[in-house]
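Let me begin by presenting the structure, written as structure tokens, before commenting on it.
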Amino acid sequence: MPIFANELRHGWKSLLWWALGLVLVTLMYVPFYESIGASPEMASLLESLPQALIVGMGFDSMLSGAGYVHSSILELTAAIVVLIAGMAWGARAIAGDEEEGMLELTLAHGVSRGRVYAERALAIAVKLAALGLVLGLTLAASNGPFGLELDLGFLTAGVVSFTLLAAALAYVALAVGAATGRRGMAVGVGSVVAVAAYMANVFARQSEDFDWLADISPFGWAFAEIPIMNGWDWPGIGLLAALAAVAFAVGLVTLNRRDLHD
């Protein structure tokens, strides 16, 4: 798979920087658990806040190490870093090359559009898996020193759901880029979907009237059952995998059917 290998060969520096950023963001937050999440003062503060705000933002679970990691890292800071990376890679894979005139040069070597698309999609998945592995190892290494008391099996479940969420949304950006040939459009649509999914999950936790929003939100599929606290959420994993597969298929079909931009 020369295209796949080429993507990894030319993208390893970018991946390294994203991984470093992810480690730094994680290590910025985990040291505060013992002084914030596990402190009596934090419990008193939470009691004084509106219940809807506490539940909506996931603060109700922050008094345990797993809940703190879920609310402050997996669902927030690390998600921002990895989703930005994934959507940037997805938007660039086809649309970025097409706008720069490089896609036609690649296809001129007798490589099919489908092969270019599939191998670049695989490269995105591998890079996101690498970031997920980095995050998991960083949290596992932080477990003892910062008193997080994470169950390593549940940690694995949480990181897998987190990584699948990033892959699904990256493939949405990839599909939009493949369908339109416009990198900005791919980033824009991917960002809107990500923000809408996040907000839907927040609203779903605030009121029983909005519970259904978690059922249609990729963030809900990844985090509604809080895998890092409760273990593997197979229905959620299945829905995320299905979204990634559908997005991949839509991008592949539309790329093969349209004319490339000059």
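The values are calculated or read from the model by the stated rules, or taken from the named source; none is laboratory data. Note that the structure is a prediction, hence the values are computed from the model and not measured. Heads up, the Cβs are rebuilt from the backbone with ideal geometry, glycines too, and the neighbour counts pull from every protein chain shown.
Taking first residues from the stretch 218-242 that are within 16 Å of A166 (Cα to Cα) and partners that are part of a loop (DSSP other than H, G, I, E, B) and at pLDDT 95 or above, the Cβ contacts under 6 Å between residues at least 6 apart in sequence or on separate chains come to P227/D233. Take L24 and tell me if it is assigned to a helix (DSSP H, G or I), modelled with pLDDT of 90 or more and hydrophobic (A, V, I, L, M, F, W, C). So L24 passes the test. Between V172, V195, the distinction of being within 14 Å of L83 (Cβ to Cβ), modelled with pLDDT of 95 or more and out of contact with any helix residue (DSSP H, G or I) (no Cβ under 8 Å at 6 or more places or on another chain) belongs to V195 only.
Would you check if I228 is of a type in the set (V, I, T), surrounded by 19 or more Cβ atoms within 10 Å (Cβ to Cβ) and either in contact with a helix residue (DSSP H, G or I) (Cβ under 8 Å, 6 or more places away or on another chain) or modelled with pLDDT of 95 or more (or both)? Judged against the criteria, I228 is a match. The residue list L15, L53 contains one member that is at pLDDT 90 or above and over 22 Å from F154 (Cα atoms), which is L15. Scanning the stretch 135-152 for residues being among the polar types (S, T, N, Q) and farther than 14 Å from L27 by Cβ gives a total of 0.
Yes or no, residue by residue, for (1) within 19 Å of the chain's Cα centre (by Cα); (2) farther than 19 Å from A170 by Cβ; (3) part of a loop (DSSP other than H, G, I, E, B); (4) not charged (D, E, K, R):
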residue	(1), (2), (3), (4)
G190	yes, no, no, yes
V193	yes, no, no, yes
A196	yes, no, no, yes
G220	yes, no, no, yes
P235	yes, yes, no, yes
A241	yes, no, no, yes
V246	yes, no, no, yes
L260	no, yes, yes, yes
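Taking the criterion of being over 17 Å from L63 (Cα atoms) and touching a residue at least 60 places away in the same chain (Cβ under 8 Å), the only residue of the stretch 143-153 that qualifies is G153. Screening the stretch 56-105 for residues that are of a type in the set (A, V, I, L, M, F, W, C) and at pLDDT below 90 and picking the one that is farthest from V176 (Cα to Cα) gives L63. With respect to the stated conditions, V111 is in contact (Cβ under 8 Å) with a residue 24 or more places away in the chain, β-branched (V, I, T) and out of contact with any Phe, Trp or Tyr (no Cβ under 8 Å at 6 or more places or on another chain).
Restricted to the stretch 121-155, and to residues that are outside any helix (DSSP H, G or I) and among the small types (G, A, S), which residue is nearest to A66 (Cα to Cα)?
Applying the filter and picking the extreme gives G147.
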